[in-house]
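Every number in this text was worked out from the coordinates using simple rules, so none of it is lab data. Keep in mind that this is a model prediction, so the values were computed, not measured. We place every Cβ from the backbone using ideal geometry, glycine too, and count neighbours over all the protein chains shown.
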C-alpha cells in the first residue's frame, strides 16, 4: 500500500515515519488526530487513511469545525427533525449520519464550539447519534479522524477544549512536519508539482536558473506544501517555457536573496545598530510560533539547550 501521492510526497525521515504509522493505522478503525501547521497536508492524509481502509467504498464526509455557526453546530453535525426549531422546515440527517459506514473527518477540530464538544464525545464513545427533535438516539458505525493546527494540550489548559474529548481523539496522533523541517523534499515536491500542473494546463514548464533553485531551497515556506503548490502554479502560468531568474520571483522570495558578498553566513549589523535583548526575545517568539509552542523544537531551531531556552523565556517574560 502506497499512501504517497501528489503533495504527500517526501523522503525525509520525519515524513516517512508519519507515513509508516499511517499505513498501519489505515487498516484499523482507530480514531486518529492529525496535527501540523496549515498547509502541511492534513486533509490529504485523512483522505488517504480512508482510501486505504476497509471503509473505502463508503462516504468520506468532511466537516470544517471552524465554519460551524455555534447556534447551528448541533443540527449541522447530528441532524434535526422537521419543526424542531424555527427554521427546521424539513428533516436533515446531519454530517455524522451521512458518514455512516464510512469516515467522518473533523477538520480544525480545535475550533469546535465548546457547547457541542460533550455531544461529540458521547458519540465517539458510544456511537449513538441523537438528532435535534428526536426522542431517542440511533446507533451509527462511523470512524472519526480529526485534524488541527492548534496546540490542543494548551487549549485544554486554557479551558477552551474539553480534556476528556482531547484524550478520546488522541488515540493515534500523526504529526505532519513543516516543509522547512524537511528541506530535502522541496525539490522533489517542486518537480512533481510542476510536472503535474504542466500537464493539467497543457503548458511548458518554466526553466529555473541555479540561483533560483538555491533561493527555493533556502526559503522557509511558511505556508508549507500548499504555498509551494501555489508558487508552482503561479510561475507556470506567468513564465511557461521561459527562463526564471531571482528577480522574477515573488516579493516574499526576493527579500531572502542574499548578496554574494554576504553569503558566508555572517550576520550583517544594521547601520542604525540594534538592541540585543529585543533581538533575542523576538527570535525566541518566532521559534515558539513556528513550533506551535513546542519548547524542545524551538530550542533546536535556535541552537540552544531546552534549559537555556526556558531560562531566557523566563528572563524576557515571554508567554508561550
(message) Could you check the spin-label model distance between residue 319 and residue 289? Points 7 Å from the Cα along Cα→Cβ, value in nm.
(response) 1.5
(request) Calculate the length of the line joining the C-alpha centroid of segment 196-220 to that of segment 149-169, in whole Å. (result) 40
(request) Using Cα pairs closer than 8 Å and at least 6 residues apart in sequence, work out the relative contact order for the chain, in percent. (result) 18
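Order 145-153, 54-62, 196-204 from most to least packed using the mean count of other Cβ atoms within 10 Å. Please report the intermediate quantities before stating the final value.
Working: 145-153: 21.9, 54-62: 15.4, 196-204: 12.8.
Packing order, densest peptide first, comes out as 145-153, 54-62, 196-204.
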(message) Taking the 0 to 90 degree range and rounding to the nearest ten, how far is the long axis of helix 306-315 tilted relative to the main principal axis of the chain, both from C-alpha atoms?
(response) 90
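For segment 276-315, what is the relative contact order in percent, using Cα pairs closer than 8 Å and at least 6 residues apart in sequence? Mind dumping the intermediate values first?
Working: 24 pairs, mean separation 13.2, N = 40.
Taking the mean separation of contacting Cα pairs over the length of segment 276-315, I get 33 percent.
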(message) Only Cα pairs within less than 10 Å get springs; with that Gaussian network setup on the chain, which residue of 297, 229, 42 has the largest fluctuation?
(response) 297
(message) Can you tell me the orientation of helix 13-26 relative to the chain, as the angle in degrees between its alpha-carbon axis and the longest Cα principal axis, to the nearest 10?
(response) 10
(request) Let me have the 222 nm mean residue ellipticity of the chain computed from DSSP H runs of 4+ only, each contributing -39500 (n - 2.57), with the sum over all residues rounded to the nearest 500. (result) -12500 deg cm²/dmol
(message) Relative contact order for segment 183-262: what percent, with Cα pairs under 8 Å and sequence separation of 6 or more?
(response) 40
(message) Testing the spin-label approximation: label points 7 Å from Cα along Cα→Cβ at residue 157 and residue 306. State their distance in nm.
(response) 1.3
(request) May I ask for the distance between the Cα centers of segment 224-241 and segment 118-138, given as a whole number of Å? (result) 45
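Which order results if 17, 40 are arranged by neighbouring Cβ count within 10 Å, fewest first? Let's see the in-between values first.
Numbers: 17 13, 40 26.
So the ranking, lowest neighbour count to highest, is 17, 40.
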(request) Could you check which residue among 16, 71, 117 shows the biggest mean-square fluctuation in a GNM of the chain with a 10 Å Cα cutoff? (result) 71
(request) Using a Gaussian network model of the chain whose springs link C-alpha atoms within less than 10 Å, name the residue from 138, 70, 233 with the highest mean-square fluctuation. (result) 138
(message) As a footprinting exposure proxy, order 278, 319 by other Cβ within 10 Å, with the fewest listed first.
(response) 319, 278
